[in-house]
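Here the structure comes first, spelled out in structure tokens, and everything after it is commentary.
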Amino acid sequence: MTLLSDTLSTVQYCPILMTRPAEMNALQNLSRTDKKQILPAFLIRKWANSKSIDKTTDKIGEGFEQLPWIGDLDQEHIASGNTLTQLVELSDPTNGFERWCKFAADQEWMIPCAQLTKPTELTAQVKMLLGLNRGLAVRFSYLQFGEIPKIISAIASCQPEDIIVFLDYGYVKKSNLLEVATCISHIDLISKVMPNAWIAVSATTFPEDFGSITEAPIDERHFFNAVRSKRPKQKLIYSDRGSARDSKPRGGGTVPPPRIDYPTFDRWYFRREPEDGYAKAAQGIKALIDWKNRPPVWGVQLIERTANGDPFGINSPVKATAARINIHLHNQIFYDNQSAATLDEEEPWVD
């Protein structure tokens, strides 16, 4: 049994998270019980203005101490040029992505994700990563879906014992997710070649522009449910972006007006208060009918403190985002056992 198979025996949620302050703060403030029921896939990028990749891995360690996680390179971030030389070196395909494989070996709790940017080096890379005996992850971005047959066949030739394959749709609008039959065709192809593979279906539909929007359905969860209903016996696992966008919002760099979001199992609620600030937005969230079923988690407590005018409550977009992600992660962990989501957490929250 590998680290991957041991972990997937107890989890039902594998979000793809960027290594940014909001995501890491949200994850760090999950209870230990929640952390044991989630397998995050981190897209590794530079941490703020750090000069070393060690800062990123340190943050993962702080947020997910001594628990398994999937590690992948944030290729979009690397391609932007605003990154570390170390990350560029890790994406070098020479000798079967030798540097990436060495990095993976040094991360004790990391289940490595194969890099797909140079298929001719894939077999050598996969053999090295399988040699770590932790299991293997493979993430196909939406633009790579056409390459699934060739890449899956190459990986299958290495006879992986335990593998999870991500079908990562990235950011999509609802209309783009109406592709259940296409998704099923990808799942069938993968399972035919590798019958024991776990397959994670991932996307984010979190709005990029709000305007007068006050709520929105979590369409990625509805899409997954539709796919699962067609293949109930397949080893499928839910994934998303933790209620975050797949990248920074397109457009200018102005600070958005105060907004607080509240996730339930199937919907997001938004309250914007350009004039009255975060306290008023938090009070609007507390007035929601769905607030009565709020879970006892850090993000909820932060909203409550904000509504009461506590200066240590939400006072920035990053903190508001962290609160939303924290609540969303908890809800999706318990999506298939919703009655357990509102039980008291075993660990008191300490500011």
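A few remarks follow.
- Restricting the stretch 70-104 to residues that are assigned to a loop (DSSP other than H, G, I, E, B) and among the hydroxyl-bearing types (Ser, Thr, Tyr), the residue that is surrounded by the most Cβ atoms within 10 Å (Cβ to Cβ): 91
- Residue among 154, 181 that is outside any loop (DSSP other than H, G, I, E, B), small (Gly, Ala, Ser) and within 29 Å of residue 105 (Cβ to Cβ): 154
- Filtered residues of the stretch 171-188 (kept if open to solvent by 60 Å² or more (accessible area, probe 1.4 Å) and touching a helix residue (DSSP H, G or I) at 6+ places or on another chain (Cβ under 6 Å)): 174
- Each residue in the stretch 190-218 was checked for being farther than 21 Å from residue 139 by Cα and either crowded, with 23+ Cβ neighbours inside 10 Å or aliphatic (A, V, I, L, M) (or both), and 3 of them qualify.
- Looking across the stretch 10-68 at every residue that is of a type in the set (Lys, Arg) and touching an Asp or Glu at 6+ places or on another chain (Cβ under 8 Å), the one that is nearest to residue 82 (Cα to Cα) is identified as 45.
- Test: residue in the stretch 70-87 that is among the polar types (S, T, N, Q) and in contact with a strand residue (DSSP E or B) (Cβ under 6 Å, 6 or more places away or on another chain): no
- In the stretch 142-152, residue surrounded by the fewest Cβ atoms within 10 Å (Cβ to Cβ) [restricted to those that are modelled with pLDDT of 95 or more and under 24 Å from residue 238 (Cα atoms)]: 146
Results for (1) free of Cβ contacts under 8 Å to residues at least 40 places away in the same chain; (2) more than 23 Å from residue 156 (Cα to Cα); (3) touching a Pro at 6+ places or on another chain (Cβ under 6 Å), shown as yes or no for each residue.
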position	(1), (2), (3)
194	no, no, no
205	yes, yes, no
212	yes, yes, no
224	yes, yes, no
227	no, yes, no
231	no, no, no
237	no, no, no
257	yes, yes, yes
266	no, yes, no
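- Only a single item in (1) in contact with a helix residue (DSSP H, G or I) (Cβ under 8 Å, 6 or more places away or on another chain); (2) open to solvent by 40 Å² or more (accessible area, probe 1.4 Å) is not met by residue 168, and it is number (2).
- Candidate set from the stretch 50-64 (those that are in a helix (DSSP H, G or I) and in contact with a helix residue (DSSP H, G or I) (Cβ under 8 Å, 6 or more places away or on another chain)); member that is most open to solvent (accessible area, probe 1.4 Å): 62
- Just one of the numbered conditions (1) within 23 Å of the chain's Cα centre (by Cα); (2) open to solvent by 20 Å² or more (accessible area, probe 1.4 Å) is not true of residue 300: (2).
- Lone unmet requirement of (1) assigned to a helix (DSSP H, G or I); (2) open to solvent by 30 Å² or more (accessible area, probe 1.4 Å) for residue 139: (1)
- Set 309, 299: member being more than 24 Å from residue 337 (Cα to Cα) and either in contact with a helix residue (DSSP H, G or I) (Cβ under 8 Å, 6 or more places away or on another chain) or modelled with pLDDT under 95 (or both): 309
- Where a residue in the stretch 47-61 is within 20 Å of residue 29 (Cα to Cα) and its partner, wherever it lies, is loosely packed, with under 15 Cβ neighbours inside 10 Å and among the aliphatic types (A, V, I, L, M), with Cβ under 8 Å and at least six apart: 55/48
- Number of the condition not met by residue 347 [criteria: (1) at pLDDT 95 or above; (2) outside any helix (DSSP H, G or I); (3) of a type outside the set (Lys, Arg)]: (1)
- Of the helices (runs of 4 or more DSSP H) that lie entirely inside the stretch 206-315, those containing 2 or more residues that are β-branched (Val, Ile, Thr) and closer than 22 Å to residue 29 by Cβ span 298-307.
- A single entry from 122, 67, 132 fulfils the requirement of being surrounded by fewer than 21 Cβ atoms within 10 Å (Cβ to Cβ), farther than 14 Å from residue 45 by Cβ and touching a strand residue (DSSP E or B) at 6+ places or on another chain (Cβ under 8 Å): 132.
The values are calculated or read from the model by the stated rules, or taken from the named source; none is laboratory data. In this text the structure is predicted, and so the values were computed from the model without any measurement. So basically every Cβ, Gly included, is an ideal-geometry build from the backbone, and we count neighbours across all protein chains shown. The accessibility values were calculated without ligands, DNA or RNA, using every heavy atom of the protein model including side chains. Shrake-Rupley method; radii C 1.70, N 1.55, O 1.52, S 1.80 Å.
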